[in-house]
1. Would you mind computing the Rg to Rh ratio of the range 5-204 from its alpha-carbon coordinates, Kirkwood style for Rh?
2. By how many nm would the segment from Leu129 to Asp65 grow when fully extended, if each residue of separation counts as 0.36 nm and the alpha-carbon distance is taken off?
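Computed from the coordinates by the stated procedures, all read-outs in this text should not be read as laboratory data. Because the structure is a prediction, the values reported are computed rather than measured.
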Amino acid sequence: MARTGFFHHFGTFLLLVATVLLIVTCISAPVINDISIMKVDFGRLHVGGFKRVTFGTFGWCEIADGQADSCSSSHVGYNPANVMRMIEGTSFSNYAENTTKALTKAMILHPIACGLNFIAFLLALGAGLVGSFLASLVAALAFIVTVVIMIIDFVTFSIIKSNVNDDDSDSRAHWGSAAWTTLAAAICSLLGMIILFITCCSARIHKRRNRDFEPKNDYGVAAAPPRRRRWF
């Protein structure tokens, strides 16, 4: 894979970048309070002394100004609509609440997508035909899972964001950094998959072409390379 080495290594690097970006999403609130998929700023209305609430992969945090933050425990699945209702009194329909609550259970796909990208990265490090082919297959699966969870993130918190911003309060919901790291990870995973697959096919073509142009003897067998004459 000498002729495609640079592109292969670049594709491998993209898979590593996707892994790191998904790690950032996985450690969003309540693991790291200020990293969020979506955040709600209370504006002038400091509810209970808190100025902001951040929603992450496995929970949420209420960010205080000058005092300790209050965070939920880390667990798969939670009810962001109920959190906003308890904090601010935002109204949600039963359908919206049940939908967002159910979709947060699928956020376990964040660490799964992260793990798949890392496995693809390790396979691509082999730099061989088999390693590149397997890496491209795993990267394709990682891309699919990453896209699915990205869609789930945006659908889930678009419902929350719409209800919060349409409310009469001064609170405003915004997308957090973890939403964009998931999007960037999906792009890196896609590009890494494409590059690895192309370099794998290109290396196979070059190998077959070199085999066809090998000099052959009268019996149709590739001639052995000439032996160098020793002068000592």
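1. Using Cα coordinates only, the ratio equals 1.09.
2. The span from Leu129 to Asp65 would gain 17.5 nm if fully extended.
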